[in-house]
Amino acid sequence: MGSRRVAGSLGRIWVPASSVQTATTDIATITMPATAYAGAGYLPIRFFAYGASTSLTLATVDLRTAAGGGGSAIISAQPLSALTGGSLMVALTLALATTIQTATTLTIRCVTGQAAPATCKFGLEYLVAP
């Protein structure tokens with residue numbers, strides 16, 4: 001039996017460790033489940049970074065509806081400097097806090113690189129739109 005779309009339900013997507021070393025690079029793609037974008041779409045409510053491999057003093061990331069820095073910014077470029085160790089998490093501020101999305105994939109982009117080998121993990125929470 002497949003998943004069914006339930007308006008107002010909360011979804012979470014976890015992204016494995018991704019490199020934040022090189023600037024202007026797409027570092028991960030989030031494929032939204034069909035239950036999220038079928039019908040009226042989904043509302044991103046929280047995007048966070050965690051589990052840094054080292055202290056991230058320079059790296060910034062954004063979350064977009066298209067690859068290569070295109071599409072709409074769900075998260076505009078924000079620093080990951082609060083991640084000074086692997087056990088910390090930082091919530092990034094949504095640029096489109098009240099905009100329902102229908103994109104089937106989202107792209108995490110490293111805007112400013114750490115300039116040294118470094119990774120961190122990401123998570124996205126969303127609500128299925130009514």
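Values in this text are rule-based calculations from the coordinates and carry no lab data. This one's a predicted model, so the numbers in the text were calculated from it and none came from an experiment. Using ideal geometry, Cβ is built from the backbone for each residue, glycine included, and neighbour counts are taken over all protein chains shown.
Report the relative contact order of the chain, percent, no decimals, based on alpha-carbon pairs under 8 angstrom and at least 6 residues apart.
Relative contact order here is 45 percent.
Rounded to the nearest 0.05, what FRET efficiency do ALA91 and LEU10 give with R0 = 25 Å and r taken as the Cβ-Cβ distance? Could you check?
Given R0 = 25 Å and the Cβ-Cβ separation, E is 0.95.
Counting only helical runs of four or more DSSP H residues, what would the 222 nm mean residue ellipticity of the chain come to if each run contributes -39,500 (n - 2.57) and the total is spread over all its residues? All intermediate terms of the calculation are to be shown ahead of the outcome.
Values: 1 runs with 4 residues, N = 130.
Using -39500 (n - 2.57) per qualifying helix, the result is -500 deg cm²/dmol.
Please report the net charge: other residues with Cβ closer than 10 Å to the Cβ of GLY69, K and R +1, D and E -1.
Computed value for this residue: 0.
I want to check the label-to-label distance for ALA116 and THR29. Put each point 7 Å from Cα in the C-beta direction and report it in nm to one decimal.
3.2
From the list [x] 93; [y] 129; [z] 119, can you say which value of volume of the Cα convex hull per residue in Å³ was derived from the structure given?
Answer by label: [x].
Give me the dipole magnitude in Debye, nearest 20, for the chain about the Cα centre, with unit charges on the beta carbon: positive for Lys and Arg, negative for Asp and Glu.
So the magnitude is around 260 debye.
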